[in-house]
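Participant: I am attaching a structure below and will ask some questions about it afterwards.
No lab work stands behind these numbers, since they all come straight from the coordinates. Keep in mind that this is a model prediction, so the values were computed, not measured. Here the Cβ positions follow ideal geometry from the backbone for every residue, glycine too, while neighbour counts run over all protein chains shown.
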Amino acid sequence: MLSDPRRFSRIVAAVALILAPIITLAGMLATPWEDEATTASYHDALAAHPGQAGIAALLLHFGYLLLLPAALGIMHLARRSTPKVAHIGGVLAVIGLATLPGLLVTDYYDLALAQNLPRAESVKIADDAASHWTAAVLLASTIAPMFFGLVTLLVAAFRAGVVKFWAPIAVAVGWILPFASGTGLVPAAAGAVLIGVALLPIGIKVARMSDQAWAEGAAGRVRTKRAKAPKMAVESAA
């Protein structure tokens, strides 16, 4: 398999598209959610369930990590039919997803603060770190391109005939739900399920297709441009 670039890239894409939403959902379900969207409540939840918090962060790290090859797989499928849209979405997704998994390391710092300091001190340190303007730039330059990149890729996949029209909508709502709600198991898990509903069928389709079809990007339809008649022929006919 390693010596066959077509098979290797197809299997990697299929595995990533299937496992990324499943592992992300598992991470959401394992997370010890806080009662309210405050740093104090977040630290209380971490300190009360340290082992659970560590496992959740690890699961989310790998779930988000697998979204990167999944995004590249979608770009590969859509690039022949809608190259501009697919490439724009791919670049944005890579910029965001290359950073997103690394943000989970902050969970372990918050866990250590929550376990070893009085709550007022742990909250102050965490809030001070998050209030720096460069932290805001880092977060925005991760979340925004990740969100718009994945949605754009699913739009490209729809135009290429790889997914149904609702797939980019499901991914958009799936990411918006946990951010809009602030905190909570239900919106986070529902969001992961929506992302899975969009990505899992693509992964299954990739897993079932031949290496040749994958190499040709033949999962959907190929949009062809109508050939224009040569100018001299048109003038001659006139």
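Participant: What is the angle, in °, between the Cα long axis of helix 39-48 and the longest principal axis of the Cα atoms in the chain? Nearest 10 is fine, range 0 to 90.
Facilitator: That helix lies at roughly 80 degrees to the long axis.
Participant: Can you order the peptides 85-91, 148-154 by their average number of other Cβ atoms within 10 Å per residue, highest first?
Facilitator: Taking the mean over residues of other Cβ atoms within 10 Å, the ranking is 148-154, 85-91.
Participant: Another question, then. Quick one: how many lysine pairs does the chain have with C-alpha atoms less than 28 Å apart and a gap of 8 or more or different chains? Give me the count, please.
Facilitator: 8
Participant: Regarding the stretch 5-237, what is the average projected area of its C-alpha convex hull, in nm²?
Facilitator: 16.0 nm²
Participant: Mind checking the angle between helix 50-78 and the chain's longest principal axis? C-alpha axes, 0 to 90 degrees, to the nearest 10.
Facilitator: 10 degrees
Participant: Would the stretch 124-192 count as rounded, prolate or oblate if I go by the C-alpha gyration tensor, calling it rounded below 1.5 in a/c and otherwise prolate when a/b exceeds b/c, oblate otherwise?
Facilitator: oblate
Participant: What is the stretch 5-237's relative contact order, in percent, from Cα pairs under 8 angstrom and six or more apart in sequence?
Facilitator: Contact order relative to length: 30 percent.
Participant: Then there is this: Between ILE125 and GLN52, 0.36 nm times their residue separation minus their Cα-Cα distance comes to what?
Facilitator: That pair, ILE125 and GLN52, stretches by 24.0 nm at full extension.
Participant: Let me ask you something else. Compute the long axis of helix 5-30 from its Cα atoms, compare it with the longest principal axis of the Cα atoms of the chain, and write down the angle in degrees, 0 to 90, nearest 10.
Facilitator: It is inclined by approximately 30 degrees.
Participant: List the longest stretch of the chain that has no exposed loop site; here a site is one of the trypsin sites (Lys or Arg not before Pro) assigned by DSSP to anything other than H, G, I, E or B, with at most 10 other Cβ within 10 Å.
Facilitator: By the stated rule (loop sites, at most 10 other Cβ atoms within 10 Å), 1-224.
Participant: Right, here's the next one. Counting Lys +1, Arg +1, Asp -1, Glu -1, what net charge surrounds ALA167 among other residues with beta carbon under 14 Å of its beta carbon?
Facilitator: +3
Participant: Something else about it: With the calculation restricted to Cα positions, what are the radius of gyration and Dmax of the stretch 1-65 in angstrom?
Facilitator: Calculated on Cα positions, Rg and Dmax stand at 16.6, 52 Å.
Participant: Post the alpha-carbon centroid distance, the stretch 90-116 to the stretch 32-47, in whole angstrom.
Facilitator: When both Cα centres are located, 17 Å separates them.
Participant: Okay, next question. How do SER9, SER210 rank when sorted from fewest to most other Cβ atoms within 10 Å of their own Cβ?
Facilitator: SER210, SER9
Participant: Taking amide H atoms as placed 1.01 Å from N in the peptide plane, list the residues 5 or more away in sequence, or in a different chain, whose amide H sits under 5 Å from that of GLU34.
Facilitator: Hits under the 5 Å cutoff: GLY184.
Participant: Dipole magnitude of the chain about its Cα centre, charges +1 at Lys/Arg Cβ and -1 at Asp/Glu Cβ only, in debye to the nearest 20?
Facilitator: Approximately 1960 debye in magnitude.
Participant: Report the extension gain between LEU29 and ILE143 in nm, rounded to one decimal, defined as 0.36 nm multiplied by the number of residues separating them, less their alpha carbon distance.
Facilitator: 38.9 nm
Participant: Kindly provide the chymotrypsin sites (Phe, Trp or Tyr not before Pro) of the stretch 39-70 that DSSP labels as loop, not H, G, I, E or B, and whose Cβ sees at most 11 other Cβ atoms within 10 Å.
Facilitator: When the chymotrypsin sites (Phe, Trp or Tyr not before Pro) of the stretch 39-70 are filtered for loop state and at most 11 Cβ neighbours within 10 Å, nothing remains.
Participant: Taking the dipole about the Cα centre of the chain, with the C-beta of Lys and Arg at +1 and of Asp and Glu at -1, give me whichever of ALA71, ALA188, ILE176 is farthest to the positive side.
Facilitator: Going by the Cα projections, it comes out as ALA71.
Participant: For SER41 and ARG208, compute 0.36 nm times the residue count separating them, minus their Cα-Cα distance, and round to one decimal in nm.
Facilitator: Length difference between fully extended and current span is 55.5 nm.
Participant: For the chain, which span is the longest to avoid every loop-located (per DSSP) member of GluC sites (Glu not before Pro) having at most 16 other Cβ atoms inside 10 Å?
Facilitator: The longest such stretch corresponds to 37-215.
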